[in-house]
1. Given the structure, is VAL146 in the same structural domain as TRP25 (by TED's automatic domain parsing), of a type outside the set (D, E, K, R), touching a strand residue (DSSP E or B) at 6+ places or on another chain (Cβ under 6 Å) and within 8 Å of the ligand (Cβ to nearest atom)?
2. I need the full set of residues from region 149-177 which are among the β-branched types (Val, Ile, Thr), within 12 Å of the ligand (Cβ to nearest atom) and either crowded, with 22+ Cβ neighbours inside 10 Å or closer than 14 Å to SER130 by Cβ (or both), in order please.
3. Report every pair of residues separated by at least 6 positions or lying on different chains whose Cβ atoms are under 8 Å apart, first residue within region 33-46 and under 11 Å from SER98 (Cβ atoms) and more than 11 Å from the ligand (Cβ to nearest atom), second modelled with pLDDT of 95 or more and of a type in the set (D, E, K, R).
4. Being away from the ligand (no atom under 12 Å from the Cβ), of a type in the set (A, V, I, L, M, F, W, C) and not in a helix (DSSP H, G or I) is true for just one of TRP25, TRP51, TRP64. Which residue is that?
5. Is it the case that ARG248 is under 24 Å from the mean Cα position of the chain (by Cα), in the same structural domain as VAL193 (by TED's automatic domain parsing), charged (D, E, K, R) and surrounded by 14 or more Cβ atoms within 10 Å (Cβ to Cβ)?
6. Condition first: of a type in the set (D, E, K, R) and more than 30 Å from GLY232 (Cβ to Cβ). Can you find one or more residues in region 358-374 that meet it?
7. Select, from TYR219, TYR184, the only residue that is more than 14 Å from the ligand (Cβ to nearest atom) and closer than 15 Å to ALA131 by Cα.
8. Might you check whether a residue that is among the aromatic types (Phe, Trp, Tyr), in contact (Cβ under 8 Å) with a residue 40 or more places away in the chain, more than 12 Å from the ligand (Cβ to nearest atom) and in the same structural domain as ALA12 (by TED's automatic domain parsing) occurs anywhere in region 110-130?
Amino acid sequence: MNDSAPHRRHLAARLAEDSALSSPWLRAAVEEVPRELFLRPGVFLDDGGLWRPVTEARTDPADWLTTAYAIDTLTTQLDGHLTADEAKGPVRGVPTSSSTTPATVVGMIEALGLETGQRVLEIGTGTGYSAALMCHHLGEDGVTTVEVDPEVCARADAALEAAGFSTWTVVGDGLLGHPRRAPYDRVIATCAVRRIPHAWVRQTRPGGVILTTLGSWPYGTGLARVTVHEDGTAEGGFIGRSSFMQARAQAVVPVAGDLSARTAYPDSERAVKVPPTVLDEWMPAFLAQLASPGAQFVRAARGDGAPLLYLFDPERESFAEFVADGDGWTVRQGGPVALWDAVERALGAWRAAGTPDITSVRLHVSGTRHTYRIGDDPALRWEHHLA
Ligand SMILES: C[S@@+](CC[C@H](N)C(=O)[O-])C[C@H]1O[C@@H](n2cnc3c(N)ncnc32)[C@H](O)[C@@H]1O
């Protein structure tokens, strides 16, 4: 077996150069934990729309290590079941488990502000690599990691053992946390959630920190860091952009099928003030999710090729349909919630405030609601009620 130590040292040096890695203990962990152990039996590499399987067993050892130490996210499972050793050749599929790029993994661990002796709950074990980096510092008793997929969890557990960590690897829905080992000082989610489950807040010690990607779109999502208070609420804000696969139990079922049936009964029609194409940009997409939570952005085309764009909120039976109209767009809205009115109000207020970035967004979490705000402008304040 080739020694991966030079690859590990090189990876750590690159992450430090790129400022993703600064803590000496985390650098030591990256230099000592072999990432390749966590990629067995193999990975899928993006090959122009198809996923090409690359397995340890069928790859030259030196090439395998080069793949394993790429600063890339390496997909390890497609469609909730397929692993690289089972695929005969390049395949289509949707990634459902991966080893997140080390730049993101170490960046998130740095943002947790871990201290010796603390106890961490990780949601989304995946390959187990991020859990191993934390175990390296906190010890195997300091880390509890929850994975929803039993086979993914079993592979991660075996890899953690092979790396020398008999850690607490639990199969379950991480949205419930893991009460048996609570309280935790830190909760870190390496999957995205639509809202922070109150179970996580309850299981975090006052003064403890929860770090998670929030949002339901594949982009336009942010990394939220909140501190838990004595009264069972949590408060903080967004520390940057972030994109992760959705937590399975909260994953949105994409709107598909006959879109015209969903837009058959508009209540209003007008010219837009803001073109819907702004939703291709990260921050407007983020604000749209705050202003119209539950809405999905859907792209389609008319028979003649003209673009059609939609916002659909299936739960609230509401829609906004955008039709290209010469140089502009017409919006038809239907259902109890005027989705685009809410998004346009948010975008207008955000522009008037000078287009502040995601780090200006504050978040307060209680058992009944999430409150998001930018400054004190009531037009830049959104309450998402659970009850
Ligand atoms: C991006 S991967 C995690 C990356 C991992 N931390 C690593 O570095 O290897 C996300 C993982 O979250 C898991 N997951 C999705 N929904 C979950 C849930 N509700 N509870 C626990 N795990 C979940 C997926 O099965 C997947 O393995």
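The values are calculated or read from the model by the stated rules, or taken from the named source; none is laboratory data. Here the structure is a predicted model, which means the values were calculated and not measured. Positions of Cβ are generated from backbone atoms using ideal geometry, with glycine treated the same way; all protein chains shown enter the neighbour counts.
1. On the way: in the same structural domain as TRP25 (by TED's automatic domain parsing): yes; of a type outside the set (D, E, K, R): yes; touching a strand residue (DSSP E or B) at 6+ places or on another chain (Cβ under 6 Å): yes; within 8 Å of the ligand (Cβ to nearest atom): yes.
Spelling it out, VAL146 is indeed in the same structural domain as TRP25 (by TED's automatic domain parsing), of a type outside the set (D, E, K, R), touching a strand residue (DSSP E or B) at 6+ places or on another chain (Cβ under 6 Å) and within 8 Å of the ligand (Cβ to nearest atom).
2. Here is the first cut: in region 149-177, the ones among the β-branched types (Val, Ile, Thr) are 152, 167, 169-171.
Next, from what is left, pick out any that are within 12 Å of the ligand (Cβ to nearest atom): 152, 169-171.
Correct list: VAL152, THR169.
3. Close Cβ pairs (under 8 Å, with a partner that is modelled with pLDDT of 95 or more and of a type in the set (D, E, K, R)) amount to PHE44/ARG52.
4. Values: TRP25 fails: not in a helix (DSSP H, G or I); TRP64 fails: not in a helix (DSSP H, G or I).
After ruling out the rest, the residue left standing is TRP51.
5. Working: under 24 Å from the mean Cα position of the chain (by Cα): yes; in the same structural domain as VAL193 (by TED's automatic domain parsing): no; charged (D, E, K, R): yes; surrounded by 14 or more Cβ atoms within 10 Å (Cβ to Cβ): yes.
So ARG248 does not fit the description; no.
6. In the first step, residues of region 358-374 are kept if they are of a type in the set (D, E, K, R); the result is 362, 369, 373.
From what's left, more than 30 Å from GLY232 (Cβ to Cβ): none.
So far as region 358-374 goes, no, none of its residues is of a type in the set (D, E, K, R) and more than 30 Å from GLY232 (Cβ to Cβ).
7. Values: TYR219 fails: closer than 15 Å to ALA131 by Cα.
Only one candidate qualifies: TYR184.
8. Residues of region 110-130 among the aromatic types (Phe, Trp, Tyr): 129.
Of the ones still in play, those that are also in contact (Cβ under 8 Å) with a residue 40 or more places away in the chain are 129.
Still in the running and more than 12 Å from the ligand (Cβ to nearest atom): none.
Checking region 110-130: not a single residue is among the aromatic types (Phe, Trp, Tyr), in contact (Cβ under 8 Å) with a residue 40 or more places away in the chain, more than 12 Å from the ligand (Cβ to nearest atom) and in the same structural domain as ALA12 (by TED's automatic domain parsing).
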